[in-house]
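Okay, structure first, notes after.
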Amino acid sequence: MAKSKAKKMRDKMTREGKRNPELNRSLFIFADMETRKTKTKKEKLQHQQTKHKKRLSDGAYSTGDDRFFIAFHTSTK
């Protein structure tokens, strides 16, 4: 029995060191097999401490002496 043209192409690809297309027929081709690592508690705390650091340390909030508050109260009698 002769090989089909597609089978010959698959065999040629595997001989050349390329991926065999027959392996793409598995259910796992759509699965992400990459190992994922969640952040540790220390990493989460460090992220929260540095999250807004640039915005708050740009000079506007660097010293507490240069801020003031003025309140006006008007009565409607």
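Here are the numbers for the structure shown:
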{"item": "Residue-wise HN-Hα coupling along segment 36-49, computed from phi with Karplus coefficients 6.51, -1.76, 1.60 (Hz; x: Gly, Pro)", "result": "10, 10, 7, 6, 7, 4, 5, 5, 5, 5, 5, 5, 5, 5"}
{"item": "In sequence order, calculated HN-Hα J values of segment 4-20 (Karplus, 6.51, -1.76, 1.60; Hz; x Gly/Pro)", "result": "6, 5, 5, 5, 4, 5, 5, 5, 5, 5, 5, 5, 7, x, 8, 5, 6"}
{"item": "Charge sum, other residues only, whose C-beta stays under 14 Å from Arg19's C-beta, Lys/Arg counted +1 and Asp/Glu -1", "result": "+2"}
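Every read-out reported here was derived from the displayed coordinates using simple, explicitly stated rules and does not represent laboratory data. Just so we're clear, the structure is a prediction, and the values are computed from it rather than from any experiment. Here the Cβ is made from the backbone with ideal geometry for all residues, glycine too, and neighbour counts use every protein chain on show.
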